[in-house]
Structures are given as C-alpha cells and as structure tokens.
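The values are calculated or read from the model by the stated rules, or taken from the named source; none is laboratory data. From a predicted model like this one, the values you see are computed outputs, not experimental measurements. Here the Cβ positions follow ideal geometry from the backbone for every residue, glycine too, while neighbour counts run over all protein chains shown. Surface areas here come from the heavy atoms of the whole protein model, side chains and all, with no ligands, DNA or RNA. Shrake-Rupley method; radii C 1.70, N 1.55, O 1.52, S 1.80 Å.
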Amino acid sequence: MKRFIPAVIILYALVYMIYPIQNYTHQSVKKKDVSNKIELTYKENSIVLTNFKDDGNERYWGELNHYPYMIYKDIDKYIYVNGQFYAVKGKWESNAFLLPEGDAKKLFNLSGSKGSYTVTKTTGIQVCKNVDKEKVLNVLSGPHIPIDHAFVTKEPGQVPGAARDYRNGKHEGFDWYPGAIGIEITRQTLIHPLFEGRIVRIDKDFEELEFNHREVLLKEAAESNNTSQKTLDKLRGRQVWIQSENGVLVHYAHTSSVNPDLKVGDYVKTTDWIAKVGNSGTSNGALGTDEDLHLHSDILVCGKNFWEYGDISDMNNSLIDIFDKAAKAEQTATATKKGASL
C-alpha cells in the first residue's frame, strides 16, 4: 500500500498543475456572478417594462427578479409589486411602461445602472402565492366599519357585481348610502380605514369632472366592451388608497375632502379619519349638488377585487357576514363604554 502513495501524490500534483484549484474556484464564482446579471431596456432614466400579460381587465401582470408586479393600462402613477401598491412617477408609452430606474431598483432588488443590473437574492415572504377564497376571507376578517354606527349595505345595486348598464360595466365595490347602512350621512361624516395601513394615494389636488366631459366618458364606456380602468379611476372622484398587510388594498372613493394632515406614506390606524363622505366623480358631484352622498369602497387582495377569488355572490355574502359581525361588536363595545361612563 505504501508504494502507491508516492504515485498518488505525483498524480495529484499533475492534475493540480493542469487544473489549478484556485482557478476552478474563481471560474465558479465568475459563472455565478454572470448568472446574476440581467439586461433590461433602459430609456429616459427609466427601465422599460414590456413582458407582461393582460388579464382582460386592463391589468398587466409580469415578473422581474421573481417579484410579481401589476400595472393598470394608461394609469401612470401606480404599480403593484408582491402584494403592495406603490405610488411612482411612471409613464405609459405605446404598449410599454417606463418605470423610473430608482423605483425599479428599490422595488425589484436590483443594483447597477443604465440597463445593466445585478439581481439580489429575493428575501421575505412572497405574499401573493397560492391565494384562494379561504385566504382572502381570512385576511379580510376583523375589519373596522369605515363609518361610525353603520352596517354594510345589502341592497343588490350597491354591492360588487351589480350591473352598470349606463357604462357597460359592473359595480366593483360596496356603496355606503344613507338609509341602506342604518344611519344618515352628510358631507361632514368621517371615514375611517377598514384596516390600518399605509396611504399610497390621497387626492388633495382633485378637480371635479365637468358634467359634459363626464357624459362623454360614459358614452365611450357604453360603446366599448367594458369600462376602462382609466375611466373608472376618474368616475371614483376624490380618492384615498390604503395599503395594508397581506396584499389588502382599499379604495375610498367619492369623498368630499381628505384629512389635510395626512400624506402619501403615512401609516394610519382604524381610529384615524382619512376623509369625509361626498359625491365627487358622480353626476351630482359634477353639478355641484348635495345629492347622492355616499362612500364607495373597493376592496382588493393581491391586485384583484376580493370577489374574483370565488363565486361573486358567495364572496359578497361571506364579506357581508364579516362586516355585520364587526359592526355588532363595535356597537356593543360603544354601548358598554357609554354605560361605564355614566
């Protein structure tokens, strides 16, 4: 056995001279670095996003560095990445979305510049993987009722999925109209968040639509296959969007005013007030009347309306049950608190 040891040593030395271990290690690292490189189209200090798919509702879905994202057609200001919505200074150009490089690097974990980047290993939980009805209803459990002392509407025309023939579309959220919610409301009625979260949009500079312009938008929508996302955004009037955990986003629409002390990026609790009830974006809002006052609330999970994760009627009824339990619990708590103070 001992006589073979020198031969083994000599053989090892020859292999090392031909294929140095150091070079092998270096080549492996270099190959790994190359695999982390990514080339993206760069234009006007922005990354050009084009590899996305339309889901039929003018929502464009794609993936970059394993992060799923969604952008609305012809709406420049927002992007959804991994369950979170962000306000950005993006720009649509033909069928491409130009996302400012600084935003892109931060949101998608990239380093580098001008189209040549190194992707960093993704960290954290992929919030929007394997989302189903059960998960959606679970993350929407325990809401705070947005208008004090109110119950959610059960009126067929005021719940998601109700027909909106005048614009060839469907109602996407819940309306909180006086009477239907058990209380009266005015322009001074405060709106609270359904869930605590971060403000990603607050329309402090909103300008009401002119009546004739609004009629033109409705006519165009009625003649199309569906109301466009861009038109829907205008018809919602003055809005506040609040992003919560687990991919939950709520649009609070038709408000008459917003809390002047709040701004994008602020974190709000359910005890805070974010806006006041109004009719902005409606025909009466355009006419300057006080008719049609109500709150409209769209509830989205991972970029889709909550009701898209199951049968719409079943999803509505399930969420109404959740709202009713929350309203009863809040009213019981209020009554107990008043009784204790007497």
* Could you sort Phe52, Phe174 by accessible area so the largest value comes first, with the probe set to 1.4 Å? -> Phe52, Phe174
* To do: Would you mind counting up the charge near Phe195? Only other residues with Cβ under 10 Å from its Cβ, with Lys and Arg at +1 and Asp and Glu at -1.
  => -1
* Please report the relative contact order for the chain, taking Cα pairs under 8 Å with a sequence separation of at least 6, and give it as a percent rounded to a whole number. => 16 percent
* Asked: What are the semi-axes of the equivalent ellipsoid of the stretch 146-276, taken as the square roots of 5 times the eigenvalues of the Cα gyration tensor, listed largest first and rounded to whole Å?
  -> 25, 18, 15
* **Too-long pairs where the Cα-Cα distance tops 21 Å, listed order kept, from Lys53/Lys230; Lys77/Lys204; Lys133/Lys263; Lys170/Lys304; Lys170/Lys263; Lys129/Lys304** => Lys133/Lys263; Lys170/Lys263
* **Ranked by how many other beta carbons lie within 10 Å on average, peptides 150-157, 292-299 from highest** => 292-299, 150-157
* Asked: Calculated from DSSP H runs of 4 or more alone, at -39500 (n - 2.57) each and per residue, what is the 222 nm mean residue ellipticity of the chain, nearest 500?
  -> -9000 deg cm²/dmol
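As a test of reading the structure, rank Cys128, Cys302 by solvent-accessible area (1.4 Å probe, protein chains only), most first.
Cys128, Cys302
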* To do: Kindly sort Glu44, Glu93, Glu215 by accessible area of their heavy atoms, largest first, with the probe set to 1.4 Å.
  => Glu44, Glu215, Glu93
* Karplus couplings for the stretch 82-89 from phi (6.51 cos²θ - 1.76 cosθ + 1.60, θ = phi - 60°), rounded to Hz, Gly and Pro as x? -> 6, x, 10, 9, 10, 7, 9, 9
* Please give the net charge around Val127, taking every other residue with its beta carbon less than 12 angstrom from that of Val127, where Lys and Arg add +1 and Asp and Glu add -1. => +1
* Structure fact -> Computed over the chain, protein heavy atoms only, probe 1.4 angstrom, the accessible area per residue in square angstrom equals 55 Å²
* Structure fact -> Computed D for the stretch 76-155, Stokes-Einstein, Kirkwood radius over alpha-carbon pairs, 10 °C, 1.306 mPa s, to the nearest µm² per second, is 97 µm²/s
* To do: In square nanometres and to one decimal, what's the mean projected area of the convex hull around the Cα atoms of the stretch 251-337?
  => 8.3 nm²
* To do: Please express the shape of the stretch 192-254 as an equivalent ellipsoid: the semi-axes are the square roots of 5 times the eigenvalues of the C-alpha gyration tensor, given largest first in whole angstrom.
  => 27, 15, 7
* Relative to the first principal axis of the alpha-carbon coordinates of the chain, what is the inclination of helix 21-35, with its axis defined by its Cα atoms, in degrees from 0 to 90 and to the nearest 10? -> 20 degrees
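When a/c reaches 1.5 or more, the comparison of a/b and b/c decides; with that in mind, is the stretch 295-342 rounded, prolate or oblate per its Cα gyration tensor?
It is prolate, given that a/c is not under 1.5 and a/b is the larger ratio.
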* If you put +1 on each Lys and Arg Cβ and -1 on each Asp and Glu Cβ, how big is the dipole of the chain around its Cα centre, in Debye rounded to 20? -> 2120 debye
* Structure fact -> Other residues with Cβ under 13 Å from the Cβ of Pro160 give, with Lys and Arg +1 and Asp and Glu -1, a net charge of -3
* Distance between the stretch 215-278 and the stretch 189-214 - C-alpha centres, whole angstrom -> 5 Å
* **Calculated over the stretch 114-220: convex hull of Cα atoms, volume per residue (Å³)** => 252 Å³
* Structure fact -> Counting every C-alpha pair in the chain, the percent lying more than 25 Å apart is 60 percent
